[in-house]
1. Among the listed residues B:207, B:162, B:169, which satisfies the condition of being outside any loop (DSSP other than H, G, I, E, B), within 30 Å of residue B:70 (Cα to Cα) and over 14 Å from the mean Cα position of the chain (by Cα)?
2. Do any helices (runs of 4 or more DSSP H) lying entirely in the range A:76-161 carry at least 2 residues that are at pLDDT below 95, and which ones are they?
3. Quick one: would you say residue B:107 is within 14 Å of chain A (Cβ to nearest Cβ) and over 24 Å from residue A:176 (Cα atoms)?
4. Could you tell me whether any residue of the range B:255-276 is surrounded by fewer than 17 Cβ atoms within 10 Å (Cβ to Cβ), within 14 Å of residue B:200 (Cα to Cα) and away from chain A (no Cβ under 14 Å)?
5. Failed condition for residue B:222, given (1) touching a helix residue (DSSP H, G or I) at 6+ places or on another chain (Cβ under 7 Å); (2) in a helix (DSSP H, G or I), with all others met?
6. Considering only the range B:276-313, state which residues are part of a helix (DSSP H, G or I) and more than 21 Å from residue B:149 (Cα to Cα).
7. With the requirement that a residue be under 19 Å from residue A:204 (Cβ atoms), touching a residue at least 60 places away in the same chain (Cβ under 8 Å) and either out of contact with any strand residue (DSSP E or B) (no Cβ under 7 Å at 6 or more places or on another chain) or at the interface with another protein chain (Cβ under 8 Å from one of its Cβ atoms) (or both), what does the range A:135-174 give you?
8. Considering (1) without any contact (Cβ under 8 Å) to a residue 40 or more places away in the chain; (2) surrounded by 23 or more Cβ atoms within 10 Å (Cβ to Cβ); (3) more than 18 Å from residue B:63 (Cα to Cα), say which one residue A:119 fails and leave the rest.
């Protein structure tokens with residue numbers, strides 16, 4: 001493997017040194033964080049399959065890319081995510097009730113029920129509202145980092161996107177801007193090898209995506225995205241580099257999307273089950289578990305307890321979220337502008353005068 | 001009081017806003033050392049330096065996208081898109097990101113970015129240096145769309161746009177960038193976003209227009225006054241969204257006749273919205289059908305620009321048509 005390949009926990013290796021700056025408590029925190037995401041995904045998918053929520057996105061197999069990066073960043077670093085990084089605010093301490101509220105799009109949702117699930121926004125955790133448009137957030141992170149540089153602050157802006165996004169215009173403009181202005185920005189290219197059905201080898205003519213960075217004068221590395229400690233280590237170093245004024249890094253986090261693209265997707269149409277099974281063997285949580293075992297800080301009771309706590313936390317939040325109703329109708333008109341223009345106010349008033357109190361029938365329609 | 005062209009007033013406005021607020025950042029293609037291809041940002045680089053007057057790579061989606069990120073952080077970027085025709089490469093960032101940020105984040109993140117862009121024909125710019133894309137942006141919830149037609153309004157509206165909390169598409173009629181000078185106060189002032197300006201009072205018909213069309217409508221109205229004794233009221237809309245409905249309707253209620261003049265393609269152009277507004281809310285006051293003079297429903301031709309563009313005679317003829325209806 002080249003110098004640009006970052007891996008700490010070799011698969012199947014016998015012993016490791018604890019990486020600098022990490023304590024056993026850190027390792028356990030990361031392990032627990034990954035289990036939290038796994039439990040969240042399992043629960044969200046069940047809610048969707050049973051028709052209690054309309055849609056969901058999961059990140060099975062990609063937990064280390066979220067937890068490893070989140071653990072290495074400071075709470076005041078800015079995150080511009082795609083829709084598969086909700087593990088980051090979860091790890092930063094976002095309220096589970098708020099997370100669940102977003103799944104239901106209810107009145108308590110911080111996005112006020114305006115977006116499909118998986119488009120979380122948490123300003124208190126500097127987790128900036130995601131779009132569904134692929135790659136459009138990458139350039140926002142660059143602009144944010146340019147502002148950080150202008151203010152001579154030592155925060156870092158980071159952005160997550162997939163291998164599919166590396167084809168989008170905004171990927172190009174972002175790397176180009178980053179090469180020119182050298183702002184403190186980290187690009188996490190989560191190469192999970194699929195953009196819905198399209199495999200990465202049909203997405204781009206280069207197999208090592210981090211090499212794209214070089215063409216823009218940006219530092220690029222490839223990281224074992226299923227090795228949470230490697231992800232942590234590489235992020236930590238890249239963030240320090242950025243804080244030291246040395247500019248951007250493109251980190252290709254090499255992983256695999258074990259689950260479907262979303263609850264609407266059926267991966268059996270475009271890939272072999274054997275392939276997925278092979279990657280399940282490389283599960284980032286299992287890998288970390290083996291490491292903890294070697295350090296003698298893992299027991300079956302410990303694991304069971306972590307799962308139990310995660311599931312309980314989820315159940316409490318979901319039960320609560322399901323009881324909260326839709327956002328009030330007038331909220332649909334709010335936050336379009338800082339102040340509601342009079343024409344919009346009139347539109348709202350007309351709707352409320354004519355239709356408030358109407359209820360949807362079983363077909364989800366207003367009865368005629 | 002100093003006399004300035006519309007272009008000089010914009011330059012003055014940018015300097016004023018940058019001096020009073022260090023969050024204001026100017027960015028775009030050739031805006032720095034070169035002072036902008038139209039010289040709208042002339043002198044800013046020397047006065048404020050490269051950190052605040054940024055020559056950017058040639059990517060409109062990058063310019064607008066980076067401005068969004070800056071605004072999320074708390075700055076007030078004022079990107080220039082060199083020609084309104086080149087807002088299309090940034091279209092996704094404008095209509096899917098900039099316009100929706102506040103809404104989709106439940107009000108958590110605002111994006112007060114002011115995109116300045118010269119628009120319209122009259123400079124022999126051909127297909128790609130002449131377009132008037134305002135209707136795309138007035139059709140996009142979350143954006144405000146402003147078009148000044150006088151130097152005074154240019155400086156004042158720009159100040160209001162930059163000091164506001166919403167994204168603004170600030171479209172500058174490049175045909176009249178340098179065509180006349182008028183009083184522009186040295187001190188800073190705001191012309192509020194929203195209210196229209198009655199450019200000329202009249203009693204027989206209302207002409208609704210904006211940007212470079214105002215001057216042209218005035219010429220047509222002069223001819224109609226002199227030759228036909230028609231008293232035309234000219235309403236310079238100034239803000240296309242949110243539009244000053246009250247001024248539009250009051251004028252129509254007074255005159256009973258409406259003509260709308262704009263240089264964008266006629267079909268589904270902004271004039272259609274004004275026409276619909278009048279039809280919905282003041283139909284009973286009309287004494288004649290509403291008439292629109294727009295640009296042709298063709299791409300913008302280079303040599304035959306003078307055929308494409310509304311001109312005073314075409315507007316005068318339209319005035320006669322509206323007045324002839326009994």
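The values are calculated or read from the model by the stated rules, or taken from the named source; none is laboratory data. In this text the structure is predicted, and so the values were computed from the model without any measurement. Methodologically, a virtual Cβ is constructed for each residue, glycine included, from the backbone with ideal geometry; neighbour enumeration extends over all protein chains shown.
1. B:162
2. Here the list is empty.
3. Yes, satisfied.
4. Within the range B:255-276, not a single residue is surrounded by fewer than 17 Cβ atoms within 10 Å (Cβ to Cβ), within 14 Å of residue B:200 (Cα to Cα) and away from chain A (no Cβ under 14 Å).
5. For residue B:222, the exception is condition (1).
6. B:276, B:277, B:278, B:279, B:280, B:281, B:282, B:283, B:284, B:285, B:307
7. Of everything in the range A:135-174, just one residue is under 19 Å from residue A:204 (Cβ atoms), touching a residue at least 60 places away in the same chain (Cβ under 8 Å) and either out of contact with any strand residue (DSSP E or B) (no Cβ under 7 Å at 6 or more places or on another chain) or at the interface with another protein chain (Cβ under 8 Å from one of its Cβ atoms) (or both), namely A:165.
8. Here residue A:119 meets the rest and fails (2).
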